[in-house]
Amino acid sequence: MAARARRMTDRIGVLHGPNLNTLGQREPEVYGATTLAEIDDLIAEAASDHGFEVVAFQSNVEGALVDWIQAEAASVEGWVVNAAGFTHSSVALRDALVASDRPFVEVHISNVFAREDFRHRSLLADAAVGVVTGFGPHSYVLGLQGLVGWLAGRS
Ligand code: DQA
C-alpha cells in the first residue's frame, strides 16, 4: 500500500453491520442505551479532533455493505468496521475490505470473547490493523484513534 499525501479533507469510512440500526433498543443489557446516531456523532467528533471527517454507513444487507465499500474505497484513508454478525461469517465482506487496499480496524461494542464461542471467530481480524472489543460505544472512538495513529505512522 503506497503512502499518500495528507489532504485537508481526509476521510475515514465507518461501516456498521446488521442490527446495529436498532442500538438503543436492542439487548440494552449487552449493547447499552446509546443509539447508532449518537455513536456516529461520537466518531465524527473524535475524527474531527484529528482533522478527519467521517462517512458512515449501516446496512442489514451483506451485498449493500460490499457495494458501499467498493463505492467509497477511493475516497477514504481507512475504515472503522463493526461488521456485527457478519464478522463471524462473511467472506464477501473480508474480501471487499482487503480488495479496498485501505487499512481497517475491527470494533465491537460488547466483548465478543466473553460471549458465545461462535463470536470468538472473526473472518476479518487477521486482515485488520487491530481489534477493539468490549468498551461499549467507546470502542469506535478507540478504533478510530488507533487507525489515525497507524495512518500517521505510515506517512
Ligand atoms: C457486535 C458483536 C457481534 O457478535 C454481534 O453479532 C453484533 C454486535 C458488537 O458490536 O458487540 O451484532 O459486533
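Being closer than 21 Å to residue 122 by Cα and touching a Gly at 6+ places or on another chain (Cβ under 9 Å), is that true of even one residue in region 43-55?
No, region 43-55 has no match at all.
Could you tell me which residue of region 119-130 is most open to solvent (accessible area, probe 1.4 Å), considering only residues that are within 11 Å of the ligand (Cβ to nearest atom) and farther than 16 Å from residue 100 by Cα?
Checking each candidate, the answer is 121.
Quick one: which of 111, 82 is surrounded by 16 or more Cβ atoms within 10 Å (Cβ to Cβ), modelled with pLDDT of 95 or more and near the ligand (Cβ under 9 Å from one of its atoms)?
82
The values are calculated or read from the model by the stated rules, or taken from the named source; none is laboratory data. Since this is a predicted model, take the numbers as computed values, not measurements. Methodologically, a virtual Cβ is constructed for each residue, glycine included, from the backbone with ideal geometry; neighbour enumeration extends over all protein chains shown. All accessible areas refer to the heavy atoms of the entire protein, side chains included, with ligands and DNA or RNA removed. Shrake-Rupley method; radii C 1.70, N 1.55, O 1.52, S 1.80 Å.
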